[in-house]
Amino acid sequence: MTDRSLPRAVRMAMPMARDVVEEVAKLHGVCIRPVPLRRLDTVTGKSEIIDVPCGSTLESKCPPCAKRNRQLRMAQCREGWHLDEEPTITPDEANEEQRWLVEFRADMQAKRDAAEKASDDTTELDAIITGLDEEITAAGMRGSVLGRTTPKRSRSTRRRQDVPDLPKRKMANTTLGRTFQAADGKTYRPSLFVTLTLPSYGKVRDGVPVDPDAYDYQRAARDALHFSKLVDRFVQNLRRVAGYDVQYFASVEPQKRLAPHLHMAIRGTLPRAEIKQIAAATGQQGAL
């Protein structure tokens, strides 16, 4: 008997097979939105499709990946928050496989350039090079063997004349905040917790504007689109004022009045007056 022979009411009450698969995947911590990639064996020429986790940080999209990312951030915070010296990061030596992959890719690139110069078809060579690039990444190497293939973006450094000047310290190549010496000789390295919220658009009750005619929908939509840029600008200004590469953990959430709301835990500390100056200048720079 197939499900088509069952009454419609009975069929509608049955769970969807895809939903059951997703629930099982969530129970076992498996990504529910895997990204298919084609892997090419450069020796045999055989290709296969492999699924890699999507890596989403949003639980609404993929709970297992979001949970793994959350645990990773917790581990990073636990291991790095209280460091009193910069970690020493030394790249590993290249192994035999990595050297072979880079050499083989160089040979393929030379053949591809020669074929292009001779006006020959390079489709097959392009596919091999693409597969080799994926193999290079999978082998534990960072970056691209070609380096930057597009011109570096030139960003204007001009400031708005009506933006107040901020204090600026000489940048130091460090991520450590200031230390304070107590009377008993003990050294403290405090941290800072900052909360930033945009102004209200109108009174809200149960997630709905009380007066729809007076509610500023245009500004609410604009702020939702550009809030991430304001946060980015705030961090830039924060680091310029602090004089070092400030490290932080942050979370953005909407308040009940629907205004974007930022919580930021910052390693190191700055005077409260400077934080207020940075927030005011950032808000003025972000005005449209």
query: Would it be correct to say that Lys168 is in a loop (DSSP other than H, G, I, E, B), touching a helix residue (DSSP H, G or I) at 6+ places or on another chain (Cβ under 7 Å) and at pLDDT below 85?
result: yes
query: From the residues in region 187-230 that are β-branched (Val, Ile, Thr) and assigned to a strand (DSSP E or B), which one is farthest from the chain's Cα centre (by Cα)?
result: Thr187
query: Of all residues in region 242-275, how many are within 20 Å of Glu85 (Cβ to Cβ), out of contact with any helix residue (DSSP H, G or I) (no Cβ under 9 Å at 6 or more places or on another chain) and either in a strand (DSSP E or B) or of a type in the set (Lys, Arg) (or both)?
result: 1
query: Under 9 Å by Cβ, and 6 or more places apart or on different chains, what pairs join a residue from region 119-133 that is in contact (Cβ under 8 Å) with a residue 60 or more places away in the chain with one that is surrounded by fewer than 17 Cβ atoms within 10 Å (Cβ to Cβ) and acidic (Asp, Glu)?
result: Gly131/Asp41
message: I'd like the residue in region 171-186 that is surrounded by 11 or more Cβ atoms within 10 Å (Cβ to Cβ) and in a loop (DSSP other than H, G, I, E, B) and, out of all such residues, is farthest from the chain's Cα centre (by Cα).
response: Thr179
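Okay, residues lined up against (1) closer than 30 Å to Val21 by Cβ; (2) out of contact with any Leu (no Cβ under 9 Å at 6 or more places or on another chain); (3) without any contact (Cβ under 8 Å) to a residue 12 or more places away in the chain:
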{"site": "Ser60", "(1), (2), (3)": "yes, yes, yes"}
{"site": "Pro64", "(1), (2), (3)": "yes, yes, no"}
{"site": "Lys67", "(1), (2), (3)": "yes, yes, no"}
{"site": "Pro91", "(1), (2), (3)": "no, yes, yes"}
query: Does any residue of region 47-56 turn out to be over 30 Å from Ile128 (Cα atoms), within 25 Å of the chain's Cα centre (by Cα) and outside the structural domain of Phe104 (by TED's automatic domain parsing)?
result: no
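The values are calculated or read from the model by the stated rules, or taken from the named source; none is laboratory data. Everything numeric here is computed off the predicted structure, so don't read it as measured data. Don't worry about glycine lacking a Cβ; one is built from the backbone with ideal geometry, like all the others, and counts go over all protein chains shown.
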